[in-house]
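Visitor: Sharing a structure here in structure tokens format.
The values are calculated or read from the model by the stated rules, or taken from the named source; none is laboratory data. Just so it is clear, the model here is predicted, and its values are computed rather than measured. Reconstructed Cβ throughout: ideal geometry from the backbone, glycine too, with neighbour counts over all protein chains shown. The area values use the complete protein model at the heavy-atom level, side chains included, leaving out ligands, DNA and RNA. Shrake-Rupley method; radii C 1.70, N 1.55, O 1.52, S 1.80 Å.
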Amino acid sequence: MQGSRLRYPPGSLVILTGLPGAGKTTLLRRLYGLGGDESLPVTAGAVVVIDSAQAKRHWHGRLGWLPGSVRRALVFATHVGRIRGALASGRSVIAHNRGCAPYMLKGFAWLARRHRTRLYLLLLDASPEAALAGQRTRGRVVAPRTFARHQRRWAGLVARVKNGDPGPAAGALIVDRSEAALLEAITFDDGERPREIRTIGSAPDHDG
């Protein structure tokens, strides 16, 4: 497969998820020209690109007096609030979210429905070994216990999607790292429907 692109309906919420270190932020940086130092969402045409690291940078150095659990909760609330605000503006949203717990995905699906749109999942699949290598490269390694929890949840989600159940999303697409490297664009439009590849449920168009 040479270059390919994904096409979603306008106004959709696309959650890009995967194991920590899988390459999600790298993919968004390449496709949308992010510099990696943003503390606010980036608007690219009609699309708002929201990386969870943006909220973390926004609060960096300002919450040291709070317990770690409270800091993490505030950062996540900021991240979700930004997604909600972008959806409320009527824009299409692609957002990186590290966690893939069922309650979290249900929350995103509820948020999409509230704004009269649909949630789609883009799953960047990497082996635990590759994800750990990615963590080391970026200089932030997740604690073993936390990473094991991510692996369990990720394995469950991937298994469900492969069995034809993208719920609570309207559709889901699994791409491995080699396929992600060939991805040229993610667009949100009502264009002519191309050939669909490896889509689950009411998944996006994959033109490749």
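Visitor: What helices (runs of 4 or more DSSP H) completely inside segment 74-162 contain at least 1 residues that are open to solvent by less than 10 Å² (accessible area, probe 1.4 Å) and polar (S, T, N, Q)?
Guide: Filter on segment 74-162 gives 128-138.
Visitor: Could you count how many residues in segment 1-39 are touching a residue at least 40 places away in the same chain (Cβ under 8 Å) and exposed (fewer than 14 other Cβ atoms within 10 Å of the Cβ)?
Guide: Adding up the residues that qualify gives 3.
Visitor: Filter segment 117-145 down to residues that are over 10 Å from G21 (Cβ atoms) and either touching a residue at least 24 places away in the same chain (Cβ under 8 Å) or touching a helix residue (DSSP H, G or I) at 6+ places or on another chain (Cβ under 6 Å) (or both), then give me how many there are.
Guide: 9
Visitor: Next question. Please verify whether R91 is in contact (Cβ under 8 Å) with a residue 40 or more places away in the chain and under 20 Å from R30 (Cα atoms), treating the condition exactly as stated.
Guide: Answer is no for this residue.
Visitor: Hey, among R177, R138, R113, which residue is more than 17 Å from the chain's Cα centre (by Cα) and at pLDDT below 95?
Guide: It is R138.
Visitor: Which of the residues belonging to segment 40-71 are among the basic types (K, R) and free of Cβ contacts under 8 Å to residues at least 12 places away in the same chain?
Guide: Correct list: R62 only.
Visitor: Can you pull out every residue in segment 56-70 that is open to solvent by 50 Å² or more (accessible area, probe 1.4 Å) and either under 19 Å from M104 (Cα atoms) or not in a loop (DSSP other than H, G, I, E, B) (or both)?
Guide: K56, R57, H58, W59, S69, V70
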